[in-house]
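Shown next, in structure tokens, is the structure this report addresses.
Every number in this text was worked out from the coordinates using simple rules, so none of it is lab data. Everything quoted here is computed from the prediction, not taken from an experiment. Here the Cβ positions follow ideal geometry from the backbone for every residue, glycine too, while neighbour counts run over all protein chains shown.
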């Protein structure tokens, strides 16, 4: 039984797709299939049911998964401990993030990499709840989450990171385009484009509208925040995106003649993000990364058990 076989097995168990798993570990699909077949032969049990259109874990696979994860975590901690004898931080840092993270996150990763070049960095994007689950499982060392109001796994600790204002995007000929500022009430009867359920942005929008006494008219939704900009430009709805994405040189909206940016007030809307890590088993690279991240944010941090709105 080899560590790479365990790593391949855990990756396939997370994705339930051999092709995606192979891409994540940077090997060809036949190689990952062959190694898992060898692992199954050694165990004398099939770990995956491949009979349907989608694979799934067998009972043996479900039973074996936590032991495989624990073995990989122990091996990683041992490797890091040996590396620390030479005074160097080594190993792997697996970070999760919501879409369009604050630019400071990449600055933090750049500073971390500069000081710890022996640490391999992996960055994954997903919705907040999915990221939190992977932090709890130990498959992510840390993650940047948007506040959604959903409870977090008990094993996940969090601390406040950023608060970004949400700005509205409309086409130049939109009825609201002539204003510099709009109230939330101005969006009451307007078609909106937003992210799918489970995202922090969707939660902010729906919560704010509920407090204002109306239900938002969602005419278009996507799980890709960058597409919201094009939806707004094509008049499929007013889009709300984090203000950091509008800063020149940092992201989503360069100078475009097909978009007008509006500030929203009464109330001001904001996307709040938190850093998340495993409460009981933080890895050495995760602890080092968190130190860098905390240095880049405000001192007003707190340990939380939920991703609840904190206005």
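Points to keep in mind about this one:
- Packing-based exposure ordering (other Cβ within 10 Å, fewest first) of 211, 137, 188: 211, 188, 137
- Listing 283, 158, 297, 71 from fewest to most neighbouring C-beta atoms within 10 Å gives 71, 297, 283, 158.
- The modelled label-to-label distance between residue 121 and residue 17, using points 7 Å beyond Cα along the C-beta direction, is 2.6 nm.
- Candidates 103, 282, 128, ranked by Gaussian network fluctuation over the chain, Cα under 10 Å, top entry: 103
- With eigenvalues of the C-alpha gyration tensor scaled by 5 and rooted, segment 1-85, Å: 24, 15, 11
- Across q = 0.07 Å⁻¹, the chain modelled as identical point scatterers on its alpha-carbon atoms has Debye log10 I(q)/I(0) values of -0.34, in the order of the q list.
- Shape call, segment 81-240: gyration tensor on alpha carbons, a/c limit 1.5: prolate
- Segment 162-271: C-alpha gyration tensor shape, a/c 1.5 cut-off, then a/b vs b/c: rounded
- Top of 164, 70, 133 by mean-square fluctuation, Gaussian network on the chain, Cα under 10 Å: 70
- Most fluctuating residue given options 207, 58, 222, as computed from a GNM of the chain linking Cα atoms under 10 Å: 58
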